[in-house]
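A short write-up of the structure that comes next.
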Amino acid sequence: MDKYGLIGYPLGHSFSKAYFTEKFVHEGIDARYDNYEIEDAKMLLEIVCKNPELRGLNCTIPHKQAIIPLLDSISEEARKIGAVNVIRISRSKEGKPQLEGYNSDVVGFRESIKPLLSKKHRKALVLGTGGASKAICFALTQLGLEWKYVSRSKKADSYTYDELTPAIIDQYKVIVNCSPVGMFPHTDEAPQLPYEAIGPDHLLYDLIYNPAETLFLQRGREQGAITKNGQEMLELQALESWRIWNKK
């Protein structure tokens, strides 16, 4: 039986196992999907060696960048992004694994936000600077939007949360939360923004899908903004993972 799985830490919030398990049952695919909760990305190689049936892995926080040196190759797109969230595993006749890295976050985010964009959505604030945010910025560039990071600490060419004013919020009509702030079980938290400056022309997108409506999205909705969570992005990203694992 072929095996697939997810590496990351922690994995209590994971969508992938339930999604792929249901897919395998529904489509009659003889395979299973397991979670591999690892604190250290270097444990990836141990998992691959101990599970010779593994054909592919998804990778989530905090390992999307740390696993890159452990791979035999990565796609050009993943290299440009600087983050990997899909690993395709093939093996030689002798059983030696070959690990190829890809990024499916770009497709998932781009295709899920595209229908919501209009001419007024020209500039975006990206909250958080981790592995997921890099893919989101790559997709925003593909969609023709300017973007700027927002971080807790001062970095070159980015805002800190303390620097965000109503005037800045008015300029950036798209706000994407790539940080874990507001994720279950910390559902009473939200990124520190001047929410009173958000209006009907704004689009707020949260990569978090548990809860379905974070406090970030709730506050945006109460100001009249268009809001969307990360559920569809995850589903599209999962489909892209399956395509990568099974391509000829």
(message) Whether any residue in segment 230-248 is of a type outside the set (D, E, K, R) and in a strand (DSSP E or B) is what I want to check.
(response) no
(request) Considering only segment 49-102, give the strands (runs of 3 or more DSSP E) lying wholly within it that have at least 3 residues that are hydrophobic (A, V, I, L, M, F, W, C). (result) 54-59, 86-91
(request) Among the numbered conditions (1) without any contact (Cβ under 8 Å) to a residue 60 or more places away in the chain; (2) in contact with a strand residue (DSSP E or B) (Cβ under 6 Å, 6 or more places away or on another chain), tell me where H121 comes up short. (result) (1)
(request) Evaluate the following for L127: is it outside the structural domain of E77 (by TED's automatic domain parsing), surrounded by 18 or more Cβ atoms within 10 Å (Cβ to Cβ) and without any contact (Cβ under 8 Å) to a residue 40 or more places away in the chain? (result) no
(request) Please tell me if I29 is surrounded by 17 or more Cβ atoms within 10 Å (Cβ to Cβ) and farther than 14 Å from A135 by Cα. (result) no
(message) Under 6 Å between Cβ atoms, which residue pairs at least 6 apart in sequence (or on different chains) link something in segment 11-31 that is under 11 Å from L234 (Cβ atoms) with a partner that is in a helix (DSSP H, G or I)?
(response) F15/L234; Y19/A238
(request) Look through segment 185-200, keep the residues that are in a helix (DSSP H, G or I) and surrounded by 12 or more Cβ atoms within 10 Å (Cβ to Cβ), and return whichever of them is nearest to the chain's Cα centre (by Cα). (result) Y195
(request) Would you mind stating whether G182 is assigned to a loop (DSSP other than H, G, I, E, B) and out of contact with any strand residue (DSSP E or B) (no Cβ under 9 Å at 6 or more places or on another chain)? (result) no
(request) Within segment 129-168, count every residue that is touching a Pro at 6+ places or on another chain (Cβ under 9 Å) and at pLDDT below 95. (result) 2
(message) Going residue by residue through segment 80-87, is there one that turns out to be among the basic types (K, R) and within 17 Å of G131 (Cα to Cα)?
(response) yes
(request) Please work out if N177 is under 28 Å from S104 (Cα atoms) and either over 22 Å from the mean Cα position of the chain (by Cα) or in contact (Cβ under 8 Å) with a residue 40 or more places away in the chain (or both). (result) yes
(request) Only residues that are surrounded by fewer than 22 Cβ atoms within 10 Å (Cβ to Cβ) and touching a strand residue (DSSP E or B) at 6+ places or on another chain (Cβ under 7 Å): list them for segment 204-224, please. (result) R221
(request) Could you tell me whether any residue of segment 199-212 is of a type in the set (G, A, S), touching a residue at least 24 places away in the same chain (Cβ under 8 Å) and closer than 17 Å to I169 by Cα? (result) yes
(request) Take the residues in segment 1-19 that are buried (at least 16 other Cβ atoms within 10 Å of the Cβ) and of a type in the set (G, A, S), then tell me which one is farthest from D40 (Cα to Cα). (result) S16
(request) Just give me the residues in segment 62-91 being surrounded by 24 or more Cβ atoms within 10 Å (Cβ to Cβ), closer than 23 Å to K248 by Cβ and not small (G, A, S), in sequence order. (result) V84, N85, V86, I87
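The values are calculated or read from the model by the stated rules, or taken from the named source; none is laboratory data. Remember, it's a predicted structure, so these values are computed and weren't measured experimentally. Every residue, glycine among them, receives a Cβ derived from its backbone with ideal geometry; neighbour counts consider all protein chains shown.
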